[in-house]
Amino acid sequence: MVSHTNWKPEEDLTDLTSNFRKIIDHILAFHFGPITKFTLRIPYFDICPIIDDFIHFLSRNGIQHLVLRLPIRGKPYELPSSLFTCSQLRHLTLQNCVIPHQPAFKGFDRLISLELRDVTISCELLERFVSHCLLVEQFVLQISGASRNIIKISAPILRSNDYTGNLRCVCLKTIPLEKLSLSHREYYLGAGKCNIAKFFELFSVLEHLHLNDMPFAAGVGEVPTRLSHDLYCVKHLSISSIDLSDSDEVSCALCLIRSFPNLQSMEIKVESDDNHVPPLKSLEVEHFSDVTFNHLREVKLIQTNGTIPEIQLVKLLLTKSPELERMLIVPCLVEEFATAHILAELIRFQRASPNAEVVYNLDKHPNPQNQENLGKTKMKSGKSHPEEEEEDEYDVGSNRDATPSSK
């Protein structure tokens, strides 16, 4: 790996480009034999040095794994055509560069992993780029600029896709995805969110779904209670940012949870600056009379504040999950009196699972000097048994013989 941090003197930030060229020339002059893996990471250069001859050198020396993370400042570097002659490539990562039009490009027939971050490329070339790499199994695409064009991704054996951008600008065409990560970004007024019902019509073998922000909306009318058909394939759901004060976001999340009957694990990170959110009817247990999470075994709730909707969500999952084994709650900084109130609520909730364990983790408690007074609360057969220990993790919910939990 060649990185500017490997040779940059801390006290001298000048002549980096000149020094870089000397290193590259040294490699070209004295290296013998194939180079199967090469990483160039120079994101903080003011300008990108000329690397055409080095890419040409790699193309003739069996490069299989190539990572180019180029400067984020200034004009993006235009890659030379020799990059497209690297016939042995299996893993390719490109960041902050321009991929010029390549009319003769017929694909990398050995490529299995492709990562494109903030790459300037036409929609037509991107579609052809991906569709001509028939063995690609993992694809990362990050688009930071505004785009009104629809990108149609077609890859016959793609298994994992990580997409960051406007979700309405990408179309995944008949792809057997098993893992999907989505980060929705609205870069221009009116970008809007994606129709939740339409989007999930495409997937039949999806097992892992990660949503960074809630990228979906109802389309026309209200958010549906559930999708038009259940996705029995989805086993793991992660939502990295959800605002429980936003009824549409909550409704979309509940729509997905209802539609994944075989869900085994769930992780939700709460994003809210309002600690006085009123209760939500959509989170009441009575609204889930026809739903039971029969396969849900593990739940993780992060950055909670102890708001009423959060407590409602905890109650709902405990009540409707007969196979639940562990629920981990990692709160934001909370005062001691608030912690006591939350714990009291958690202890009294009914649990459908006799083995359900609820752990309230206080690693970031604001008063560490008082940790020894908080102790650990365990529950057996519905009775609480406080134990004073110098730990900041509460086990507040095991209906079985509890053992000390580890962090």
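The values are calculated or read from the model by the stated rules, or taken from the named source; none is laboratory data. Predicted model only: the values in this text are computed from it and were never measured. For neighbour counting, all protein chains shown are included, and Cβ atoms are generated from backbone atoms with ideal geometry for every residue, glycine included. We work out accessible area using only protein heavy atoms, side chains counted, and drop any ligands, DNA or RNA first. Shrake-Rupley method; radii C 1.70, N 1.55, O 1.52, S 1.80 Å.
Here His210 fulfils each of the conditions (1) at pLDDT 85 or above; (2) closer than 18 Å to Ile242 by Cα; (3) surrounded by 18 or more Cβ atoms within 10 Å (Cβ to Cβ) apart from (3).
Does any residue of the stretch 105-112 turn out to be aliphatic (A, V, I, L, M), under 25 Å from Phe45 (Cα atoms), in a loop (DSSP other than H, G, I, E, B) and open to solvent by 20 Å² or more (accessible area, probe 1.4 Å)? The answer is no; no qualifying residue exists.
Only residues that are open to solvent by 70 Å² or more (accessible area, probe 1.4 Å) and modelled with pLDDT of 90 or more were counted across the stretch 88-104, and they come to 1.
Note on the stretch 259-288: residues that are touching a residue at least 12 places away in the same chain (Cβ under 8 Å) and over 21 Å from the mean Cα position of the chain (by Cα) amount to 13. Taking every residue in the stretch 340-367 that is among the aliphatic types (A, V, I, L, M) and pairing it with any residue that is modelled with pLDDT of 90 or more, at least 6 positions away or on another chain, the pairs with Cβ-Cβ distances below 6 Å are Leu346/Val358; Ala352/Thr319; Ala352/Ser321; Ala352/Pro322; Ala356/Leu324; Val358/Met327; Val359/Leu328. Within the stretch 52-66, the set of residues being surrounded by 17 or more Cβ atoms within 10 Å (Cβ to Cβ) and touching a strand residue (DSSP E or B) at 6+ places or on another chain (Cβ under 7 Å) comprises Leu58, Ile63, Gln64, Leu66. Within the stretch 57-89, the set of residues being farther than 19 Å from Val119 by Cα and in a loop (DSSP other than H, G, I, E, B) comprises Arg60, Asn61, Gly62, Ile63, Gln64, Ser87, Gln88.
Considering only residues that are of a type in the set (A, V, I, L, M, F, W, C), open to solvent by less than 10 Å² (accessible area, probe 1.4 Å) and not in a loop (DSSP other than H, G, I, E, B), which ones fall in the stretch 290-324? Answer for the stretch 290-324, where residues must be of a type in the set (A, V, I, L, M, F, W, C), open to solvent by less than 10 Å² (accessible area, probe 1.4 Å) and not in a loop (DSSP other than H, G, I, E, B): Val299, Leu301, Val314, Leu316, Leu317, Leu318.
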